[in-house]
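First comes the structure, then the notes that go with it.
The values are calculated or read from the model by the stated rules, or taken from the named source; none is laboratory data. As the structure is a computational prediction, the values presented were derived from the model and not from experiment. All Cβ positions, glycine included, derive from the backbone under ideal geometry; neighbour counts span all protein chains shown.
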């Protein structure tokens, strides 16, 4: 039986990981005393006592926690931004390639992708690998997320009694184009420049849609929306966590896709829409599922050598 420690278990990602693991009979969750949650010596003891430690912490705290690990056998799965582009860390998106999957299976240091980054990379990476989307394409990303992705402070702002009425509408942010997910979007896909990224949160708890619009005339291979859809379906064939919907699925849904439809689910849906001139590819998933906690548990399952969907909602 594996011992698992969740550092940052009181946050949204940590709580969801704990929820996914608490009924497992193959792991033992070890808990830190409430009054010692910020005690470095106690955190160090818990990390080194564990077989697997999840870090659900701010970036600086995650970097400090990694330095406390002295047991070479302890696997660290970091849900923060801190190590996603660091050498020696596996990028926790096994569906991207066999090399990504093998790195997770064999790794002792695994970085869980960011939620927006997951949604974008799932769309762009296969098209770049297939030499359809140029690495120098002027990428734009439009994305909507539930407010849980903003952490405790934003959740409190949305859920407090008598909250500011502004939170009834869409909250557009990251105007300065310095969002923390941009670095991994560029690095993982091998883009020549960071995308233009326009995210917003709105008044529901979890779930998100990430949209990638493309001009077909600017692709390396001129393709119809149906052909793009087929290319993505081929790339993700047999991948249980990613479902590429048939072309026209958006029309069957009434011409509108709702961004909270995958809340509570740990997989991802991909849609392709548009016409011969302009195509929009979209991913829909739970920002706390495939965008955070679900992805973290999937990585743990692979590293443990068990069914990668064990304990998850798929």
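Please find, among 313, 263, the residue that is farther than 24 Å from residue 198 by Cα and in a loop (DSSP other than H, G, I, E, B).
313
Which is over 25 Å from residue 199 (Cβ atoms), in contact (Cβ under 8 Å) with a residue 12 or more places away in the chain and in a loop (DSSP other than H, G, I, E, B), of 131, 86? Even if it seems obvious, please write down each step before you answer.
Working: 86 fails: over 25 Å from residue 199 (Cβ atoms).
Checking each option against the conditions leaves just 131.
Could you list all residues from the range 266-301 that are within 14 Å of residue 143 (Cβ to Cβ) and part of a loop (DSSP other than H, G, I, E, B)?
Within the range 266-301, 286, 287 meet the criteria.
I need the full set of residues from the range 270-286 which are under 26 Å from residue 309 (Cα atoms) and over 13 Å from the mean Cα position of the chain (by Cα), in order please. Please lay out each step first, then the result.
Our first condition is that a residue be under 26 Å from residue 309 (Cα atoms); within the range 270-286, this holds for 270-272, 281-286.
Once the filter is applied, which keeps residues that are under 26 Å from residue 309 (Cα atoms) and over 13 Å from the mean Cα position of the chain (by Cα), the range 270-286 yields 270, 271, 272, 281, 282.
Whether any residue in the range 225-236 is modelled with pLDDT of 95 or more, in contact with a strand residue (DSSP E or B) (Cβ under 7 Å, 6 or more places away or on another chain), within 20 Å of residue 148 (Cβ to Cβ) and crowded, with 18+ Cβ neighbours inside 10 Å is what I want to check.
no
Here is a yes/no grid of residues against (1) in contact (Cβ under 8 Å) with a residue 24 or more places away in the chain; (2) over 27 Å from residue 238 (Cα atoms); (3) over 24 Å from the mean Cα position of the chain (by Cα):
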site	(1), (2), (3)
26	yes, no, yes
49	yes, yes, yes
96	yes, no, no
115	yes, no, no
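Can you spot a residue in the range 33-41 that is surrounded by fewer than 22 Cβ atoms within 10 Å (Cβ to Cβ) and closer than 30 Å to residue 239 by Cβ? Write out each step before concluding.
In the first step, residues of the range 33-41 are kept if they are surrounded by fewer than 22 Cβ atoms within 10 Å (Cβ to Cβ); the result is 33-41.
From what is left, the residues that are closer than 30 Å to residue 239 by Cβ are none.
No; the residues of the range 33-41 include none that is surrounded by fewer than 22 Cβ atoms within 10 Å (Cβ to Cβ) and closer than 30 Å to residue 239 by Cβ.
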